[in-house]
Structure formats: C-alpha cells, structure tokens
Amino acid sequence: MADLHVDLLLVPFLAGLLVLATHVPLGRMVLDRGIVFIDLAIAQVAGLGVLLAHFLGWEESVWAVQMSAVAAALIGAAFLIWSEERFAVMQEAVIGVVFVFAASAELILLGFDPHGAEHLKDLLVGQILWVEPPQLVPVAILYAAVLAILYVGDLRRRRGLFYAVFAVTVTASVQLVGVYLVFSSLIVPALAARNFPARARLGAAYAIGLIGYALGLVASALVDIPTGAAIVCALIAVAVLVPLLVKVGRPWRGGTESAAVTEGTDGAPELAAERSRSRR
C-alpha cells in the first residue's frame, strides 16, 4: 500500500461521483426505453465534435471546443428523435449506424493529426486520473441542473427533453472520463440493480458505481494500469459480485415483469417501450 497516494486519487474519485450522480438515473431511463447503446452513439458524436474543433484549429478556445461538442451531440440527438418517430422498430439498429459513422469519421479526422492515436486513447478511456479541481466546478453546476430536470421534468414521457438533456450530459462526461466510462457508468450500475427490490434499486446502483470507481482507482494506482480501463473492469466485477453476495435470488423474468406491472416503466425494457409507443 506504500505506492497508494490517497490525496492524488481524491479529485478523480470526486469526478467519478459527479458522473455517477447523473448517469445512474439516466441509465435507468435508457434501460426502460430499451435503447441501451444510445449513450455510446451520442458519446461518439460528441467526441466527433471535439475532434472537429481540433481539426479546425479551435483547440485553444475552450468555449469553441465545448460548443462544437454540444452542437454535434444535439444534432445526433435530434436525428435519433426523428428516427424513433419513423423507425421505432429499428431504432437500436439506427443507433448502431450513428455510432459506427461517428467512430469512422473520428478516425478520418485523426488521420490528419500526428498525435491522432493519443487523442483517440484520451477520447475512449479518458484521463480521469489527471482531472483538476477547476474542471469539476462547471461540470458540477451542469449536473446539478440535470438532476433538477430529471426529478422535475418528467423525462420518461418527454422524449425531446430526454434526448437534449442526455446529449448535453454525455458531452460533458465524455470530456471528463472518456467514452468507455460514460457507457459503463450509465448501464452497468443500473443493470446490476434491476433485480433488487424496487425501493432499493437506485441506492444499490449508486453503491455499485461508487465501489467500482473506488476499486478501479486503487487498482490503477497500485498496479500502474490505465485508470479508465481499470474502473470499467472494476465496475463490471462489482456489478456481477454484489447481487450474488446479497443473494437477491429472484429470476430476471419474475422480478422485472412484476416490477413492470407495479411501476409502469421500470420493468422489462421491451414491454415498457412497447407500451410507451402504443400510448403515443
């Protein structure tokens, strides 16, 4: 433990807590809608906006980079809203196409940059270990506004607002922790907590995320491995082990179908999505 410098891990851990604060409830909504890979698609589109700003020589202006990333993410979100209205049955396939297009466009832009490989690594796995306190202040303000909208704005029924909030949140998160951690923070804790009792799901998801971030940071510091990748692996390991340790015990179908009946949209994603479309 001599190589473990807790003071160096504090700011990255706070960054992880900020990401989890918004991504856990958003992840539950993503699972309910049955569009699991939307975060990867929008994260890639936001990353494309960042790389486009660098390609155009705007990297010296923080605001220009942010506006480029947000604009790209919102355009991607608007397209997904349009496609969901017209191709609801194929929405997951459309999301996959958006992801592949954005990733391929990024590779084309990076081909013009001699440091392209380094930029791609930063985009995918992030640099959470090198986050500085001033970076957390605007993100904390943004996330506070997102949380207020989440609990007041009824995003489960307002698709346009959901996609807009999701796009802006993911844009900030990608630049803070990278694409892989954004996806893992959204999906893994929420997925692992699905079979918990309804009242305990949100708390369980937060706990799983918190433990995963802590273990990943500690492992990265002790073994000197990439921090973002270590946290992703730790999150998945905790998500597998925690339900086994607490002996949740109920099968997936039995737990989620009864929850879908009692809670409307917090059950099986396909059932909830179908009911939502029929209501529209």
Inset, instruction - Name the residue farthest towards the positive end of the dipole of the stretch 6-279 from the options V30, L10, A41, assuming +1 on Cβ of Lys and Arg, -1 on Cβ of Asp and Glu, about the Cα centre. - result: V30
Inset, instruction - Would you mind calculating the gained length between V89 and I236 on full extension (0.36 nm times residue separation, minus the Cα-Cα distance), in nm to one decimal? - result: 50.0 nm
Inset, instruction - Pop out the ³J(HN,Hα) list for the stretch 124-140 in order, Karplus 6.51 cos²θ - 1.76 cosθ + 1.60 with θ = phi - 60°, rounded to Hz; leave Gly and Pro as x. - result: 7, 9, x, 9, 4, 5, 10, 5, 10, x, x, 5, 7, 5, x, 5, 4
Legend entry - Percentage relative contact order, the stretch 1-101, counting C-alpha pairs under 8 Å, at least six apart: 29 percent
Legend entry - Ratio Rg/Rh, restricted to the stretch 43-141 and using Cα atoms, in which Rh is the Kirkwood radius: 1.02
Legend entry - J(HN,Hα) series, the stretch 92-103, from Karplus relation 6.51 cos²θ - 1.76 cosθ + 1.60, nearest Hz, glycine and proline x: 4, 5, 4, 4, x, 5, 4, 4, 5, 4, 4, 5
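Taken together, the values in this text are just the output of simple stated rules run on the coordinates, not laboratory data. Everything numeric in this text was worked out from a predicted model, so none of it was measured. Using ideal geometry, Cβ is built from the backbone for each residue, glycine included, and neighbour counts are taken over all protein chains shown.
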